[in-house]
Structure formats: C-alpha cells, structure tokens
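The values are calculated or read from the model by the stated rules, or taken from the named source; none is laboratory data. Everything numeric here is computed off the predicted structure, so don't read it as measured data. Cβ coordinates were reconstructed from backbone atoms using ideal geometry, including for glycine residues, and neighbour counts include every protein chain displayed.
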Ligand code: SF4
Ligand code: SF4
C-alpha cells in the first residue's frame, strides 16, 4: 500500500470548505484509494490461486514428465516449477531406465556428468512466431517490421512444430516475436502446446495486443513484458528503444498482474539503463512481479547497427554481478540472467560448484535450447543468425567441430532445416556445429575453470566482434584481461593460463523454469 498523503498537504481540495470538512474529504479519498488497492490485492490473490489450481490439474492430467539422458534423467515438476537433473541411481528409484538393448547408459563415465554430452533433445524452444511489430525499436534483435516476414508460418505450421518438439521430449516453449500478442491464434497455439505436454511461456512488448492477450493469459506459464527502462526524469526507456513506450508497457504489466501471478519483466541491459538496474528492481517489486530477467544486449537484427552505441562498457560488465546482487537483496525479488552473462558472473570467481548447483550455464544454444524464426527456420538460439549454425568449411585456422558422441564426422553444409525436421537434424554431424564445438576452445577459454559451464561466452557477440562464433567472447572480462596481458608480454604464441584446471562437475542441478 502507498502511504496516505496527510490531509494538511492537500492544497486544491475544496479550499472554500472549512478545514474539518477538507480533512474529512481527504480521509474519504485516502480510504477509496486504499480500498482500490485492497480490491486489487484480492483480485491478484484470486489469480494466483486460479493459476496454482490449474497447474496442479495440468500435472495430474499429464503426469510428471521425465526424460532419460546419458547422465541420468530430467524430471519436470510443475509445482514448484522446476526441471530437476538426477543421476542414474536416482532415476532408477523413480522407475526410470532405458529399455533393454538401449545404449544410452552404456558409458559408465557419463553417469551424473551433466554437460559432458549433448542432450537427447532441447529443454526449451524459443519460437519467434511472427516478425510483425509496429514499435520499431532501434535495437530489435529480430529486426521486426509492421509487415513481418514474407514467409511467416501460420497456426497449422506452428502446431506441427509443437508436435515435432513434443515428440522429442522438449519441456518448454518460449513464444515471442515481433509482437505475438496480436496474433488471433496465439491462444489456440498455447492450448495446443499444453495439450501436447509443453509449458508455453510468452514475451510481449506490452505495446499492442493487450486486449487479445488478457483473456488467454492463463494459458501461459509465465508472461514477461519487455521493459528496458523507466520513464520521466532520468528514465531510459526512450534512450534504449528510441521512443517512450513506458506508460503503455506499464499499463500492460498492471493489467496482466491483476489477471495472473506469473508476470515479470525482461530488461535488455545497455550502457544507458545500466545505472537504473536498482530502479527497475524497485519497479518490479512495486508491481508485485514474480521475476525480473536481465538480458545482455546482442548484435542481432537491428541490434547489429545499434551495438556500438548500446552495448555495455567493460567497466559495466565488471560491475554487473555486484549490482545485481545488491538489487536482489534490497528488493527481494527473483532475478534471472540470460546465458550470455555467464562470463560476467565468472569474472568474480564464484565457486563453479555453486554455479552448477544454481544451474548457471552459458552458451547452451543447439543443446539445452534452440530457436526458430518466423518462417520456421531452425536456429541454435533465438539470437543466432542461421549461418552461425553451419560448419564453416573455408576457415583454415579453425578445426572442424567435434559435435559430440552422437556425431562422428562433420559433413558439408546443407540448407538450414526448419523446426519440423528437428528430430532428424538433432543427431546429424553438422547440427549446430559452431555451438557444439565449444570443447575445442582457444585460450583463455581452454584453460578457464568455468569453461564447462560457460562454454566460451556468447557466440553471437564473438561472431559480430571477432568475425567467428567459435572464438572466445571478446567482452568476457577474463578474455579482455588475457588479451591485455598477452599484448603486454608480446609473447606471440601462448598466453597465460586463464585459471586452474576445470574442477569435477557437480550433479543434480535444478533448472528453475
Ligand atoms: S549465442 Fe549462446 S550465449 Fe549468446 S544468446 Fe545464444 S545461446 Fe546465449
Ligand atoms: S574465459 Fe572463456 S570460458 Fe572462461 S568465463 Fe570467459 S568466456 Fe567463459
């Protein structure tokens, strides 16, 4: 509740009335305001209860889902929402084991070794179900336009995509755009995903489509509104996006939060809104949101041209974790950071076992996650250009990829597949080669103790800044320091080791979904 304004501080309230009458009127106004907030609170509590009951009913109907992996199994919990990784012994206690004749658990050394092998299927798929959007944000990573892409898929194609992903055992969908809230069939697609056992989550700008979205909000697990800054004096929404859409986005946050408890905000962190991280946490807390997700700005789509002006500085990258922790502590709200921020976390030398147990993983595109464009084209992650996924046969200075245990040799590039074909493509030698070759890293990643978690940082940034996805993330503070040291020493051949040898992997990480 906001504090009631003292009656004596209420100039303009019927100044012609005697003071006692003015105080009575002021108290009545405060009471109305308090009642409104109380009614909001009741509506939000009802929304929370409705969502919980719905999740429990969904779990009862679909049963607890599990998927076998070389390390053991992944168990999906709906309430509380989590993906739990268990080793083989624990899987057996849950009556989970490969059928007779299967070679999935043949390698005893793979037991409990999360990350040692590519998963049998992604955990989640990020589907850009339209590239239509009127907003025209200057850094839009999909370069969305009011007309969208020429060959965008419709509902029937996306339902087939859901079938393909469900058949593989994918757990979550992240639906986005463009502005997908405006699609007339969005609710049908979300319902279909639920029917096939996948949890659909949604990201919206909040700038359009709210009226269509509100009645179907319960179909989604989590809805996050993109909010890259605040408004007014010192506000940064306009500095980041090129226009001030804060009021509309905020109205969408409030309306959705009345309807549903699982509402959060996505914040793309740039050099302009970095100083507002704490204020954005305060905003999320004030609106009683359940999470705030911070994303590093990527040079993708229109972001390629805006990158030099918007990307955070090296100093800001080094300050990211302390700022984040301070804001979490002060505002007591759950924060998530995207995969590309792992190097900025590693800079502060946390215990790798702690990162592992918190399920902090770096570049898991083409493994834990995949993306698809509005035309269905499969990507390693939603920020990756399609050509990032193809083996680069022309570069003499890079080894051919070692795509993992299911792949024995790299093959010539072929046309990028669409998401309908993911089941067949996933195990081919050329699948997501630039991403799955992370084990063949150059220094300083090769000797970095975080390498098995971080996987060399963001490949989209590497491709943009250094010209190839397989090179170490040039914005990782460890990489920056290593390059400086190497330049200072002018050694030419091998630089200093980034860190101690990789420690043993921890088992049983839990991925909060
Ligand atoms: S390239 Fe890797 S780190 Fe970057 S956004 Fe994609 S999956 Fe995340
Ligand atoms: S040196 Fe490489 S593996 Fe280590 S944190 Fe930086 S980008 Fe990640």
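Residue selection: residue 308 satisfies the criterion of being without any contact (Cβ under 8 Å) to a residue 12 or more places away in the chain, under 25 Å from residue 381 (Cα atoms) and in the same structural domain as residue 135 (by TED's automatic domain parsing).
Need at least 1 residues that are at pLDDT below 95 per element, so show me which strands (runs of 3 or more DSSP E) inside segment 40-146 make the cut, counting only ones lying wholly within it. Lay out the reasoning, then the answer.
On the way: elements: 66-69, 72-77, 82-87, 124-128.
Per the criteria, 66-69, 72-77, 82-87.
At least 3 residues being under 24 Å from the mean Cα position of the chain (by Cα) and away from ligand 2 (no atom under 16 Å from the Cβ) is the threshold, and among the helices (runs of 4 or more DSSP H) wholly inside segment 410-484 those reaching it are 422-425. When we screen 475, 443 for residues that are over 30 Å from residue 159 (Cα atoms), surrounded by fewer than 23 Cβ atoms within 10 Å (Cβ to Cβ), at pLDDT 95 or above and touching a strand residue (DSSP E or B) at 6+ places or on another chain (Cβ under 9 Å), the only hit is 475. The lone criterion from (1) surrounded by 24 or more Cβ atoms within 10 Å (Cβ to Cβ); (2) over 22 Å from residue 45 (Cα atoms); (3) touching a strand residue (DSSP E or B) at 6+ places or on another chain (Cβ under 8 Å) left unmet by residue 241 is number (3). Looking at 350, 391, 403, just one residue is modelled with pLDDT of 75 or more and within 26 Å of the chain's Cα centre (by Cα), and that residue is 350.
For segment 300-340, a residue qualifies if it is within 16 Å of the chain's Cα centre (by Cα) and closer than 15 Å to residue 475 by Cβ, and the qualifying residues are 300, 337, 338, 339, 340. In summary, residue 487 fulfils each of the numbered conditions (1) at pLDDT 90 or above; (2) in a helix (DSSP H, G or I); (3) surrounded by fewer than 19 Cβ atoms within 10 Å (Cβ to Cβ) with the single exception of condition (1).
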